[in-house]
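Just so it is clear, none of the values below were taken in a lab; they were calculated from the coordinates. Computed from a predicted structure; not experimentally measured. When we count neighbours, we look across all protein chains shown, and the Cβ atoms used for this are built from the backbone with ideal geometry, even at glycine.
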Amino acid sequence: MKHLMLVALLLLSSCTPVRLSVEGPTAQFFFEEPVAEVPVKDGIIVFDQPVNEESVKAFHKTLKDVLNDKPKNVIVRLQSPGGSVFAGFDMARDIEESPVPVICYADQYVASMGSYILEACDVRIMLDNSIAMMHQVATSSSGQLNKHLSTISELIALDHAMAHFIVAKSKMTVEEYEKRTSGGLEFWMSADEALKFGFIDFTARNSTEVKMLAGR
């Protein structure tokens, strides 16, 4: 049913340093204090903060409340520097398990884990003046040699798994993506570039155009 609604929606639309953390691997390019509240403004879920356990729990609650009203689709305004990898996995799963299409649009910037979450959405949009950034995950490690080797193995596995997920809907191969992000490189894109590479489905001037794409 969700896929049928998504097809209908698409048819309608056509007429910096990484923060290190002891809490686990992160994908974030600068630090912001968590807001821990995900409001709904003018019918749009607003997620404009780092990705962490607290903010993702708030998003889960807000999304559940919105879905209780049985909407035909959900719009999320996404602005995030990224954050916890595993919290981001949880937020992406919430989006993927939504019974109705989730339309996300990047407002100003989505970076690191924020870009991963954008790729989890059914319809991916960036405002014309927005930017996106992707890079490898980072973490801190302490202890004896085997502990560091275990951490290295974890990061390699996470990077490869995330690369497969991020490029799944794009025009890039995993190998091409990894060349752009390996060795500490940051892969920055404007909205037009993200559209060209297939990391988004549409660009829009503002939230009004996003709502038109959503048939509202």
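In table form, for the structure just shown:
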quantity: 22 Å Cα-Cα threshold exceeded, pairs from Lys41/Lys211; Lys41/Lys70; Lys57/Lys171; calculated: Lys57/Lys171
quantity: For region 159-166, 3J(HN,Hα) per residue [Karplus equation, 6.51 cos²θ - 1.76 cosθ + 1.60, θ = phi - 60°, Hz, x = Gly/Pro]; calculated: 4, 5, 5, 5, 4, 4, 5, 5
quantity: Whole-Hz couplings from phi, Karplus 6.51/-1.76/1.60, listed for region 40-47; x for Gly and Pro; calculated: 10, 10, 6, x, 10, 6, 10, 10
quantity: Candidates per trypsin sites (Lys or Arg not before Pro) in region 122-195, loop by DSSP, up to 16 other Cβ within 10 Å; calculated: Lys169, Lys171
quantity: Efficiency of FRET from Cβ geometry, Ala157 and Lys57, R₀ 30 Å, rounded to 0.05; calculated: 0.70
quantity: Chain lengthening between Ser190 and Lys171 when straightened (0.36 nm per residue, less Cα-Cα); calculated: 5.3 nm
quantity: Extension gain, Ala36 back to Ser150 (0.36 nm per residue minus Cα-Cα distance, nm); calculated: 37.9 nm
quantity: Amide H contacts under 5 Å for Gln49, placed H, 5+ residues apart; calculated: Gln79
quantity: Cα-based shape type of region 81-142, given that a ≥ b ≥ c are square roots of the gyration tensor eigenvalues and the cut on a/c is 1.5; calculated: oblate
